[in-house]
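First the structure, in the form of structure tokens, and then the observations on it.
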Amino acid sequence: MSKEKTFEEAMQELEAIVKQIEDEETPLETILSLYEKGSELSAYCQDILSKTQAKLETIQQKANSTEV
């Protein structure tokens, strides 16, 4: 991905891709291209979610250790 997108931007783009793929008039070649792009976006979003979860766990651990 050339430009860093926000999670929200990537999700909006992914939703648009899904709508295009679901359109019965979309040609097969286009569907394949959209599917590839959608897979990249999905992986990108998953990476963001994983990193966010790791940060939240770190914050929670720090909070728990200071409560003792």
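The values are calculated or read from the model by the stated rules, or taken from the named source; none is laboratory data. All of these numbers come straight from a predicted model, not from anything done at the bench. Don't worry about glycine lacking a Cβ; one is built from the backbone with ideal geometry, like all the others, and counts go over all protein chains shown.
Look at region 53-65: where a residue is more than 23 Å from Phe7 (Cβ to Cβ), no partner that is not in a helix (DSSP H, G or I) sits 6+ places away or on another chain with Cβ atoms under 6 Å. For region 1-44, taking the residues that are surrounded by 13 or more Cβ atoms within 10 Å (Cβ to Cβ) and basic (Lys, Arg), the one that is modelled with the lowest pLDDT is identified as Lys5.
Whenever a residue of region 4-21 is in contact (Cβ under 8 Å) with a residue 40 or more places away in the chain, its partners that are surrounded by 12 or more Cβ atoms within 10 Å (Cβ to Cβ), lying with C-beta atoms within less than 9 angstrom and at least six residues away or across chains, give the pairs Phe7/Tyr44; Phe7/Cys45; Phe7/Ile48.
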